[in-house]
Amino acid sequence: MPTYKAPLRDMKFLLNDVFDYPRHYEALSNGENATPDIVDAILTECGRFCEEVLSPLYQSGDEEGCKLEDGKVTTPTGYKEAYEQYVMGGWQGLSAPEEFGGQGLPASMGLLKQEMMGTANWPFSMYPGLSLGAMNTIQLHGTEEQQQQYLVPLTEGRWGGTMCLTEPQCGTDLGQVKTKAEALDDGSYKLTGTKIFISSGDHDLTENIVHIVLARLPDAPKGTKGISLFIVPKYLPNDDGSVGDFNNVNVGSLEKKMGIKASATAVLNFDESRGFLIGPPNEGLNCMFTFMNTARIGTAIQGVGPAELSYQWSLEYAKDRRSMRALSGKKEPDQVADSLIHHADVRRMLLTQKAIAEGGRSMLYYAARLADHMVAGHLEGDEKKSAAYDDKLGFLTPILKGFLTELGYEAANQGMQVFGGHGYISEHGMEQIVRDTRIATLYEGTTGIQALDLLGRKVLLMTQGGAVREFTFKISNFARKQVTNKTMRPMAWELLKLAAQWNVLTVRLMLIARKDRDIVSAAAHDFLMFSGYVTMAYMWARQAAVASEKLADGGDESEAFYQAKIDTAEFYYDRLLPRAQAHATSMLSPTKSLMQIEPDHMSFID
């Protein structure tokens, strides 16, 4: 059975050498305990837990799946025991405030943990992952009483959490939400409605589940402005914090899915369930964005994770499997044939996976620093600082989620291709990675929704191109410093051209949109993908620059590692980055060819 190995060497390279996390943590008000020794110990122990406990359950969990019997959901064999170990290790509260039982470490530590868990076993990681979003929402928008009542058991991992948005008649268009919330005399509310596609909606891992639910008050205005947010526990808590009466949150069914079968995705019926308003009335969508942004960053991990896992497994297979001779001559003359890894096309697929995994990881770690500052600002009571970093992170979030999940799915398919026919059968696990990864481009907003959020909201509407100008200014400053480095010069010049082009494309789209509003939707996907390729190019250049410095210093036992970094960066610039120009051309194409055909003329099947 394939196994997972935590990529600690690459993680530490990014943390210590590329992004200087030790100094970053020293500057944070909540980073005092994130010393290099502590961080190293946490990474090592989390890696061990993922390798020894979670990874062995990945394929068996898929084969068994979740079951619904008599209204109760059970998870696959071994999941409950693994979750108990997760709780015992204190992993759920790693980045949670100490006042609620957490360890108070920076938010980025939680993302590092999530990356390893998500790579080793994404379906399992979704259970505690959804709880983290609920915790963040209650911490930011809940009353002091709500925080005391719910955050402690959530932080301890005794209770789980979900987000309940989607309904049968609406997904992204939440203005159509029909779930009703009627006020009761005691200040609580009675919720009635059905939610679908609820990840971790019900399971046997925790004693209670706290649902964060969007619903509409009787006098609420129509559309998204009339949605409120509620805490609806599966079991009502008693005054002493124990679990009380069942709250009529019933499981209608479990979704039959293409992948992530070990993750319970439920249809939930709220049958006059008691709920508690969180945040102001009719402002639930604003509060929910806290949850959604958290989920989107977490979902971006499912771009990096499958690329890493698929690469690990396909690399080993390519070294062992023999087929034909390399075109440049025999590489292993004493064997019946050369290993797959000696064939250029197989190298193309493997290096594509490697470039996506390690490039995507660097994008996540860059964003994680911003998240740290955003959270630190909130803890310090400096909401202006928190909002500023939230804006920076908000610009990157759709790129992380949309671009990385699209490339993660590509990497998973490349891994399956390396295995050939053996990749299509379940024995090696490659087809499972493909199935599990497909959902990542869909939930928490499809790639198209992320693209519209990036171009329509973050770039054109909210900042009039300012977000692009600010980010490309950073890219250009970095590139100028690297022009004198012989190794880095080609990448630096390319980055300077791309930074300028990104701004020009933004301005041109703004001008076109004044006359043709459809251009925003028509160009959004290409704009997002172009943005992703340029962002990843920036991250690969940063890695290559550090590797170049390390090699110049000489005498390091990691010389091969640093050279591989430069080699992979050059592969990315030569083979993957040119895709950006196709997206640049496509995004400026007239909308006429998209919109001129009549809907009734799309098909002439009788």
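The values are calculated or read from the model by the stated rules, or taken from the named source; none is laboratory data. All values derive from a computational prediction rather than experimental measurement. With ideal geometry, Cβ positions are generated from the backbone for all residues, glycine too; neighbour counts draw on all protein chains shown.
Consider the stretch 557-569. How many of its residues are in contact with a helix residue (DSSP H, G or I) (Cβ under 9 Å, 6 or more places away or on another chain), surrounded by fewer than 16 Cβ atoms within 10 Å (Cβ to Cβ) and outside any loop (DSSP other than H, G, I, E, B)? So the answer is 5. For the residues Ala388, Ala368, the requirement of being assigned to a helix (DSSP H, G or I), touching a His at 6+ places or on another chain (Cβ under 9 Å) and not assigned by TED's automatic domain parsing to the domain that holds Thr137 singles out Ala388.
In this structure, Gly275 qualifies as crowded, with 19+ Cβ neighbours inside 10 Å and either closer than 22 Å to Thr137 by Cα or touching a Lys or Arg at 6+ places or on another chain (Cβ under 8 Å) (or both).
I need the full set of residues from the stretch 152-201 which are closer than 18 Å to Ser131 by Cα, basic (Lys, Arg) and free of Cβ contacts under 8 Å to residues at least 60 places away in the same chain, in order please. Matches in the stretch 152-201: none. May I ask you to list the residues in the stretch 380-407 that are without any contact (Cβ under 8 Å) to a residue 40 or more places away in the chain and farther than 18 Å from Ala107 by Cβ? The answer is Lys384, and nothing else. Checking Thr172 against (1) assigned to a helix (DSSP H, G or I); (2) among the β-branched types (Val, Ile, Thr); (3) modelled with pLDDT under 95, only one condition comes out false. Which one? Among (1) assigned to a helix (DSSP H, G or I); (2) among the β-branched types (Val, Ile, Thr); (3) modelled with pLDDT under 95, Thr172 violates only (1).
Answer yes or no: is there a residue in the stretch 125-136 that is farther than 28 Å from Ile231 by Cα, at pLDDT 95 or above and touching a helix residue (DSSP H, G or I) at 6+ places or on another chain (Cβ under 6 Å). Checked the stretch 125-136: no residue is farther than 28 Å from Ile231 by Cα, at pLDDT 95 or above and touching a helix residue (DSSP H, G or I) at 6+ places or on another chain (Cβ under 6 Å).
For Trp502, the conditions (1) under 30 Å from Gly466 (Cβ atoms); (2) among the aromatic types (Phe, Trp, Tyr); (3) in contact (Cβ under 8 Å) with a residue 60 or more places away in the chain all hold with the exception of (3).
Here's the yes/no breakdown for (1) modelled with pLDDT of 95 or more; (2) surrounded by fewer than 21 Cβ atoms within 10 Å (Cβ to Cβ); (3) under 24 Å from the mean Cα position of the chain (by Cα); (4) in a helix (DSSP H, G or I):
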residue: His422; (1), (2), (3), (4): yes, yes, no, yes
residue: Arg438; (1), (2), (3), (4): yes, yes, yes, yes
residue: Ala451; (1), (2), (3), (4): yes, no, yes, yes
residue: Leu454; (1), (2), (3), (4): yes, no, yes, yes
residue: Glu470; (1), (2), (3), (4): yes, yes, yes, yes
residue: Lys474; (1), (2), (3), (4): yes, yes, yes, yes
residue: Phe478; (1), (2), (3), (4): yes, yes, no, yes
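Here Thr484 meets each of (1) of a type in the set (Ser, Thr, Tyr); (2) in a loop (DSSP other than H, G, I, E, B); (3) buried (at least 18 other Cβ atoms within 10 Å of the Cβ) with one exception, condition (3). Consider Glu308 carefully, then state whether it is surrounded by 21 or more Cβ atoms within 10 Å (Cβ to Cβ), of a type in the set (Asp, Glu) and farther than 30 Å from Phe473 by Cα. Judged against the criteria, Glu308 is a match. Residue count for the stretch 119-146, restricted to those that are touching a residue at least 60 places away in the same chain (Cβ under 8 Å), in a helix (DSSP H, G or I) and closer than 20 Å to Val304 by Cβ: 12. Are any of the residues in the stretch 42-59 crowded, with 16+ Cβ neighbours inside 10 Å and out of contact with any helix residue (DSSP H, G or I) (no Cβ under 8 Å at 6 or more places or on another chain)? Scanning the stretch 42-59 turns up at least one residue that is crowded, with 16+ Cβ neighbours inside 10 Å and out of contact with any helix residue (DSSP H, G or I) (no Cβ under 8 Å at 6 or more places or on another chain). When Ile260, Ile341 are screened for being surrounded by 21 or more Cβ atoms within 10 Å (Cβ to Cβ) and in contact (Cβ under 8 Å) with a residue 24 or more places away in the chain, only Ile260 passes. Take Asp334 and tell me if it is more than 22 Å from the chain's Cα centre (by Cα), loosely packed, with under 14 Cβ neighbours inside 10 Å, in a helix (DSSP H, G or I) and without any contact (Cβ under 8 Å) to a residue 24 or more places away in the chain. Spelling it out, it is not the case that Asp334 is more than 22 Å from the chain's Cα centre (by Cα), loosely packed, with under 14 Cβ neighbours inside 10 Å, in a helix (DSSP H, G or I) and without any contact (Cβ under 8 Å) to a residue 24 or more places away in the chain. All conditions in (1) of a type in the set (Ser, Thr, Tyr); (2) in the same structural domain as Thr405 (by TED's automatic domain parsing); (3) outside any loop (DSSP other than H, G, I, E, B) hold for Ser328, with the sole exception of (3).
Can you tell me which residue in the stretch 536-556 is modelled with the lowest pLDDT, limited to those that are assigned to a helix (DSSP H, G or I) and farther than 17 Å from Met491 by Cα? Here the residue is Asp553. Set side by side, the residues Thr405, Thr446 differ, and just one is β-branched (Val, Ile, Thr) and surrounded by fewer than 24 Cβ atoms within 10 Å (Cβ to Cβ), which is Thr446. Scanning the stretch 496-513 turns up at least one residue that is exposed (fewer than 14 other Cβ atoms within 10 Å of the Cβ) and not aliphatic (A, V, I, L, M). Does Lys401 fit the bill of being over 25 Å from Ile341 (Cα atoms), assigned to a helix (DSSP H, G or I) and more than 16 Å from the chain's Cα centre (by Cα)? Against the criterion (over 25 Å from Ile341 (Cα atoms), assigned to a helix (DSSP H, G or I) and more than 16 Å from the chain's Cα centre (by Cα)), Lys401 does not qualify. All conditions in (1) surrounded by fewer than 24 Cβ atoms within 10 Å (Cβ to Cβ); (2) in contact with a helix residue (DSSP H, G or I) (Cβ under 6 Å, 6 or more places away or on another chain) hold for Ile399, with the sole exception of (1).
Sub-7 Å Cβ pairs linking a first residue in the stretch 427-439 that is within 17 Å of Tyr4 (Cβ to Cβ) to a second residue that is among the charged types (D, E, K, R), at least 6 apart or interchain, are Gln432/Asp62, ordered by first then second residue.
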